[in-house]
Amino acid sequence: MPDSIVSLNEESLRADLRELVRRTVEEMLNGLLDEEADDLVGAERYERTADREAYRAGHYERKLTTTSGEVTIRMPKLKGMRFTTAIIERYRRRETSVEEAMIEMYLAGVSTGRIEDVSEILWGSSVSAATVSNLNERAFEAVEAWRNRPLERAYPYVYVDGIYLKRSWGGSYENVAVMVAIGADDDGYREVIGAAEGFTESSECWREFLSWLRSRGLRGVRMFTGDKAAGMVGSIAEVFPDAAYQRCTVHFYRNAPAGVPKARRPRVAAMLKAIHAMESREAAEAKALEVASELEKSKLREAAMVVRDGYAETLTYTRFPREHWRRIRTNNAIERLNREIRRRTRVVGTFPDGRSALMLVTARLKYVAESSWGSRRYLDVTLLDE
């Protein structure tokens, strides 16, 4: 006689397991609430003692959405005392992890309508658009507080850059800049120290941004590294007159070959990189003049002029310890953050206003800063004192 074939209905098994977990969570929460009520009363149900401070008066039910599904909470009622619980916050209808997930979805660019649909699928109950908006307001308050926090450390090296996003402005959609600054603090760790909206990267916008950083406590800056945006260099000299300026060498490599035929650009790029491969400032300056002369001989006068006029501001890093050169001569540290910002903002497309754009950018910067990115030592800053 052939053996019996046993088959399992996986979907039914999963449903049973989900229901088992949901009931377990429900029973555990209700049991904890009853224990709390007994402790407050000073006696168990129906117990007569001299220490009793109140009496049990039944329960009332409320719903709580958790990641395990919607559970029914039986909240104890007391006579002679108000029941307060540390287990579930008053008026809360969702588990904290559920709320955090909804906030993260919104900050990631998911529409309010889509969040309603996703919450229905994942947790078995939908949330209103007003609820999502309220959660986002609370998230934005935390993000804004972080963005305006005091800067209590010294930052010897600061990297600045601007990233352009599309937003609605006066009935049309235009590019606006979000200016970002990160600093290497006096212990050598990276920190996002500023993000603000600037309609363009003009002198006025850069001056306001740098003044805002200074008002929050930015100090001890020895060098700024940037891409020489319009108005950046003059604003740095005005707001932080004691700080040096380093033009990002990677941006310099991109700007110099602008008028060079495409076939000859790889060779010109290699010549430019040789300038910053030198072991001293003197050797780098000599190499820069040599490259400029060679470009002139090759009838690449425009590129030669860019090299002659701009090489000096790309060698500021040579004033600092050699061990820091690779880290401080480019804006690569902040460019990686810019790529993460673009990845997150691309799903939104055009922002309805500047606040939403700035909040999404800042929220993403806060998330990155609180990850391993901010916990790894970037530079040995003690070398500056030698």
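The values are calculated or read from the model by the stated rules, or taken from the named source; none is laboratory data. For clarity, every value in this text was computed on a predicted model and none was experimentally measured. With ideal geometry, Cβ positions are generated from the backbone for all residues, glycine too; neighbour counts draw on all protein chains shown.
When the residues of segment 218-228 are narrowed to those that are of a type outside the set (Gly, Ala, Ser) and assigned to a loop (DSSP other than H, G, I, E, B), which ends up surrounded by the most Cβ atoms within 10 Å (Cβ to Cβ)? That would be LEU218. From the list PHE140, PHE199, the one residue that fits, being modelled with pLDDT under 80 and surrounded by fewer than 19 Cβ atoms within 10 Å (Cβ to Cβ), is PHE199.
Quick one: is HIS251 over 29 Å from ALA177 (Cα atoms) and assigned by TED's automatic domain parsing to the domain that holds ALA229? So HIS251 does not fit the description; no. Taking the numbered list (1) surrounded by 11 or more Cβ atoms within 10 Å (Cβ to Cβ); (2) modelled with pLDDT of 70 or more in turn, GLY80 passes all entries but (1). Within the option set LEU17, LEU33, being in a helix (DSSP H, G or I) and at pLDDT below 70 holds for one residue only, LEU17. Output the residues belonging to segment 314-334 that are out of contact with any helix residue (DSSP H, G or I) (no Cβ under 8 Å at 6 or more places or on another chain) and under 25 Å from ALA258 (Cα atoms). Matches in segment 314-334: THR316, ARG326, ILE334. Is at least one residue of segment 203-211 assigned to a loop (DSSP other than H, G, I, E, B), more than 24 Å from the chain's Cα centre (by Cα) and over 26 Å from ARG377 (Cβ atoms)? So far as segment 203-211 goes, no, none of its residues is assigned to a loop (DSSP other than H, G, I, E, B), more than 24 Å from the chain's Cα centre (by Cα) and over 26 Å from ARG377 (Cβ atoms). Looking across ALA269, ALA244, one residue alone is among the small types (Gly, Ala, Ser) and either more than 16 Å from TYR157 (Cα to Cα) or outside the structural domain of LEU218 (by TED's automatic domain parsing) (or both). It is ALA269. Comparison of GLU296, GLU285 shows that the only residue that is touching a residue at least 12 places away in the same chain (Cβ under 8 Å) and out of contact with any strand residue (DSSP E or B) (no Cβ under 8 Å at 6 or more places or on another chain) is GLU285. Might you check whether a residue that is free of Cβ contacts under 8 Å to residues at least 12 places away in the same chain, surrounded by fewer than 17 Cβ atoms within 10 Å (Cβ to Cβ) and polar (S, T, N, Q) occurs anywhere in segment 208-217? Within segment 208-217 (the criterion being free of Cβ contacts under 8 Å to residues at least 12 places away in the same chain, surrounded by fewer than 17 Cβ atoms within 10 Å (Cβ to Cβ) and polar (S, T, N, Q)), the answer is yes, since at least one residue qualifies.
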